[in-house]
1. Select the helices (runs of 4 or more DSSP H) contained entirely in segment A:1-65, then report the ones holding at least 1 residues which are buried (at least 20 other Cβ atoms within 10 Å of the Cβ), without any contact (Cβ under 8 Å) to a residue 12 or more places away in the chain and facing chain B (nearest Cβ under 9 Å).
2. Which is within 22 Å of B:S211 (Cα to Cα), more than 8 Å from chain A (Cβ to nearest Cβ) and part of a helix (DSSP H, G or I), of B:I155, B:I165, B:I132, B:I136?
3. Considering segment B:168-191 alone, what residues qualify as being over 15 Å from the mean Cα position of the chain (by Cα), more than 7 Å from every other protein chain (Cβ to nearest Cβ) and touching a residue at least 60 places away in the same chain (Cβ under 8 Å)?
4. Report whether or not B:A58 is touching a helix residue (DSSP H, G or I) at 6+ places or on another chain (Cβ under 8 Å), within 15 Å of A:G71 (Cα to Cα) and not β-branched (V, I, T).
5. Picking from B:I132, B:I157, which residue would you name as being over 30 Å from A:R113 (Cα atoms), under 15 Å from the mean Cα position of the chain (by Cα) and among the β-branched types (V, I, T)?
6. List, please: which pairs have Cβ atoms under 8 Å, are six or more places apart or on different chains, and start with a residue in segment B:58-71 that is facing another protein chain (nearest Cβ under 7 Å) and end with one that is surrounded by fewer than 18 Cβ atoms within 10 Å (Cβ to Cβ) and in a helix (DSSP H, G or I)?
7. Do the conditions hold for B:A213, that is, is it at the interface with another protein chain (Cβ under 9 Å from one of its Cβ atoms), of a type outside the set (S, T, Y) and either in contact with a strand residue (DSSP E or B) (Cβ under 6 Å, 6 or more places away or on another chain) or over 22 Å from B:F92 (Cβ atoms) (or both)?
Amino acid sequence: MKYVKQFGIILAISFVGEILNAVVPLPIPASIYGLVILLILLCTGVVRLSAVGSASKLLIEIMPLMFIPAGVGLLKSWDVLRPIFLPVAVITVVSTVAVMAVSGRVTQAVINRSTKRDGEDDE
Amino acid sequence: MSEVLSDSAFFGVLISISAYGLGFLLKKKFKLAIFNPLLISIIITVAALLLLNIDYDAYNEGAEYLNWFLTPATVALAVPLYEQLSLLRKNFAAIILGIVSGVLTSLVCVFLMALAFGLSHTEYVTMLPKSITTAIGMGVSEELGGYVTISVAVIVITGVLGNVIAPFICKLFRIKNPVAKGIAIGTSSHAVGTTKAMEMGEVEGAMSSLSIAVSGILTVGGASIFAQFI
């Protein structure tokens, strides 16, 4: 019963997310509403970690599999993609590398600065 | 033969899962980033469909059950995030600055290169939501009048690319802090990248999950402003 109950809670939250997605006029998907709702429920103690933990770990473990159909779907969009493939490929590769490098370096730099400052405060 | 395979509800999922397992074994054996289980399983599944002459729609009839799990799995990302909440509080400024700078980099990069390639307005807005999670990105593309199918394709390619190159890029740019790694991966390559971050560690995974939501929401606003530039 453990997984049934845990999975039930996660599905119920997904459902509330779907309702919000339908009612609120913003392009925010059900999954993101659901993520925020579950986080709030965990933080406020309404849902305890042990009530969703195992099913969540399982879902996250199999998550990469869920992207395979979308990847295989590229087969179908190849015809529309082909005419602008070169610019699309260059933009995709360059911007993905740039975003990863910039967001990582900025986060790291701010963390390093504040830990250094904390260190000086200790002295 | 191909009709039996096309009609089967399990064949599509089975081949995807087996290919993923094979990719995992290859990676374990050769320890090379190019043997990325997700990339390998996509390539093998595409090859199998082409060789056995199976239509994508027939494959997807079985495979879409995998897709069904995506919303609950994304909701479940709240759990690792909750477990790392103290780390989030402690590094709040760094995390927000990191994600905001990443979102801006994405929009500026797409804008500059769209100018350089002389893309039309429609092609340009199609590319704007490329770094965010599919469900939000589709909505953004549609709202701005882009080609939604191409947006989805580009978002998937970005995710798989981020998943494959993340360890290499972190090394190249000396991104060592696990919080920074997670933010870098989630902001650049959404949920598909996040599965790689989860493999790297709990902190990386949690921070990457957070970035999916925050960068997605920031891009909704940012893209509508940038859409007016071309």
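1. Working: elements: A:2-23, A:30-43, A:49-61.
Correct list: A:30-43, A:49-61.
2. Values: B:I165 fails: more than 8 Å from chain A (Cβ to nearest Cβ); B:I132 fails: part of a helix (DSSP H, G or I); B:I136 fails: more than 8 Å from chain A (Cβ to nearest Cβ).
Being within 22 Å of B:S211 (Cα to Cα), more than 8 Å from chain A (Cβ to nearest Cβ) and part of a helix (DSSP H, G or I) holds for just one of B:I155, B:I165, B:I132, B:I136, which is B:I155.
3. Passing the criteria: only B:F168.
4. Values: touching a helix residue (DSSP H, G or I) at 6+ places or on another chain (Cβ under 8 Å): yes; within 15 Å of A:G71 (Cα to Cα): no; not β-branched (V, I, T): yes.
For B:A58, the condition - touching a helix residue (DSSP H, G or I) at 6+ places or on another chain (Cβ under 8 Å), within 15 Å of A:G71 (Cα to Cα) and not β-branched (V, I, T) - is not met.
5. Values: B:I132 fails: over 30 Å from A:R113 (Cα atoms).
The conditions single out B:I157.
6. B:T71/A:E18
7. Values: at the interface with another protein chain (Cβ under 9 Å from one of its Cβ atoms): yes; of a type outside the set (S, T, Y): yes; either in contact with a strand residue (DSSP E or B) (Cβ under 6 Å, 6 or more places away or on another chain) or over 22 Å from B:F92 (Cβ atoms) (or both): no.
For B:A213, the condition - at the interface with another protein chain (Cβ under 9 Å from one of its Cβ atoms), of a type outside the set (S, T, Y) and either in contact with a strand residue (DSSP E or B) (Cβ under 6 Å, 6 or more places away or on another chain) or over 22 Å from B:F92 (Cβ atoms) (or both) - is not met.
For (1) surrounded by 23 or more Cβ atoms within 10 Å (Cβ to Cβ); (2) free of Cβ contacts under 8 Å to residues at least 40 places away in the same chain, each residue gets a yes or a no:
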site	(1), (2)
B:S8	no, no
B:Y20	no, yes
B:I34	no, no
B:L52	no, no
B:F92	no, yes
B:G102	yes, no
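Bear in mind that the values in this text are calculations on the coordinates, not laboratory data. This structure is a prediction, so every number in the text was calculated from the model and none was measured. In this analysis, Cβ positions are derived from the backbone assuming ideal geometry, glycine residues included, and neighbour counts consider all displayed protein chains.
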